[in-house]
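Peer 1: What follows is a single structure, and I will ask about it in a moment.
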Amino acid sequence: MKLVKFIYKKNTHWGIIEEEKIVLLKKPPYTSIKLTSKKIPLNKIKILPPANPSKIVLVGLNYKDHAKELNMPLPKEPIIFLKPPTSLIAHQENIIYPKGIKRLDYEAELAIVIKKKAKNVSVKEAKDYILGYTCLNDITARDLQKKDGQWTRAKSFDTFCPLGPCIVTDINPMNLKIQTFVNGVLKQDSSTSNIIFSPFYLVSFISKIMTLLPQDIISTGTPSFVGSLKRNDTVEVVIEKIGVLKNYVK
Ligand code: MG
């Protein structure tokens with residue numbers, strides 16, 4: 001099921017994508033999914049980020065191919081950091097290249113959307129707390145990341161968290177093709193089968209640190225061949241069975 005949040009005739013709605021149409025939901029999908037009989041053409045809407053999270057938790061180095069590329073040993077536990085919700089943008093919105101930044105990078109990532117409040121959840125229970133999966137682009141000012149040591153400034157500018165276009169429920173997150181294209185050229189090309197700490201492990205691990213709330217986002221790290229963006233580039237994160245998250249650098 002592909003869940004989408006969007007604006008149609010100035011109102012915000014949730015729906016399910018069915019070919020060229022969207023079937024409207026009675027209410028947001030976080031408690032239960034109830035369909036209406038109303039359908040809207042897909043080309044008449046403006047897509048919104050599919051969550052309004054209290055926090056966005058991201059994981060550093062979590063792909064075997066990326067660790068190999070960086071010549072680093074596999075981590076023994078996840079390294080986590082946060083992006084503020086104010087960094088979120090939707091599919092087809094602009095990433096603003098901040099003044100004075102020397103290197104701006106894309107990072108294609110599979111993101112988990114939390115369904116219900118999670119505290120001290122086990123790895124086995126974690127699946128019940130996940131609404132679904134979407135695409136995330138962990139935009140990073142790499143020069144600031146290196147300069148600061150701390151990652152907060154480098155990761156937190158407004159527009160540095162493209163998310164979407166939809167949430168897909170009922171997929172196996174551990175065997176999906178994940179790619180980045182810049183101006184149509186393939187840059188990252190991997191599979192979530194290279195992930196070190198699984199989505200279920202991450203939900204459990206993070207829920208033992210902080211309470212996860214409905215709509216919170218956990219991003220599972222990026223594969224090898226991270227690279228940079230220039231002004232006027234178009235960047236697409238493509239994940240099998242989810243779709244294309246396309247944004248423009250301005
Ligand atoms: Mg990342």
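The values are calculated or read from the model by the stated rules, or taken from the named source; none is laboratory data. This structure is a prediction, so every number in the text was calculated from the model and none was measured. All Cβ positions, glycine included, derive from the backbone under ideal geometry; neighbour counts span all protein chains shown.
Peer 1: Checking residue 228 against (1) of a type in the set (Ser, Thr, Tyr); (2) under 17 Å from residue 159 (Cα atoms); (3) within 13 Å of the ligand (Cβ to nearest atom), which test does it fail?
Peer 2: Unmet for residue 228, out of (1) of a type in the set (Ser, Thr, Tyr); (2) under 17 Å from residue 159 (Cα atoms); (3) within 13 Å of the ligand (Cβ to nearest atom): (3).
Table: residues versus (1) in the same structural domain as residue 199 (by TED's automatic domain parsing); (2) free of Cβ contacts under 8 Å to residues at least 24 places away in the same chain; (3) in contact with a Leu (Cβ under 9 Å, 6 or more places away or on another chain).
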position	(1), (2), (3)
10	no, yes, no
14	no, yes, yes
17	no, no, yes
22	no, yes, yes
27	no, yes, no
34	no, yes, yes
39	no, yes, yes
43	no, yes, no
62	yes, no, yes
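Peer 1: Any chance you could count how many residues in region 148-172 are away from the ligand (no atom under 16 Å from the Cβ) and at pLDDT below 95?
Peer 2: Summing the residues that are away from the ligand (no atom under 16 Å from the Cβ) and at pLDDT below 95 in region 148-172 gives 2.
Peer 1: A further question follows. Within region 4-43, can you find the residues that are small (Gly, Ala, Ser) and either assigned to a strand (DSSP E or B) or surrounded by 13 or more Cβ atoms within 10 Å (Cβ to Cβ) (or both)?
Peer 2: Kept after step one, since they are small (Gly, Ala, Ser), are these residues of region 4-43: 15, 32, 37.
15, 37 - these are the residues of region 4-43 that are small (Gly, Ala, Ser) and either assigned to a strand (DSSP E or B) or surrounded by 13 or more Cβ atoms within 10 Å (Cβ to Cβ) (or both).
Peer 1: Considering only region 62-85, state which residues are under 16 Å from residue 141 (Cα atoms) and surrounded by fewer than 18 Cβ atoms within 10 Å (Cβ to Cβ).
Peer 2: If the condition is that a residue be under 16 Å from residue 141 (Cα atoms) and surrounded by fewer than 18 Cβ atoms within 10 Å (Cβ to Cβ), then 81, 82, 84 are the ones that fit.
Peer 1: Ok, one more. Can you tell me which residue within region 90-129, out of those that are crowded, with 21+ Cβ neighbours inside 10 Å, part of a strand (DSSP E or B) and not small (Gly, Ala, Ser), is nearest to the ligand (Cβ to nearest atom)?
Peer 2: Restricting to residues being crowded, with 21+ Cβ neighbours inside 10 Å, part of a strand (DSSP E or B) and not small (Gly, Ala, Ser), the top hit is 109.
Peer 1: Would you kindly identify the strands (runs of 3 or more DSSP E) lying entirely within region 148-203 that contain at least 2 residues that are touching a Gly at 6+ places or on another chain (Cβ under 6 Å)?
Peer 2: Filter on region 148-203 gives 161-168.
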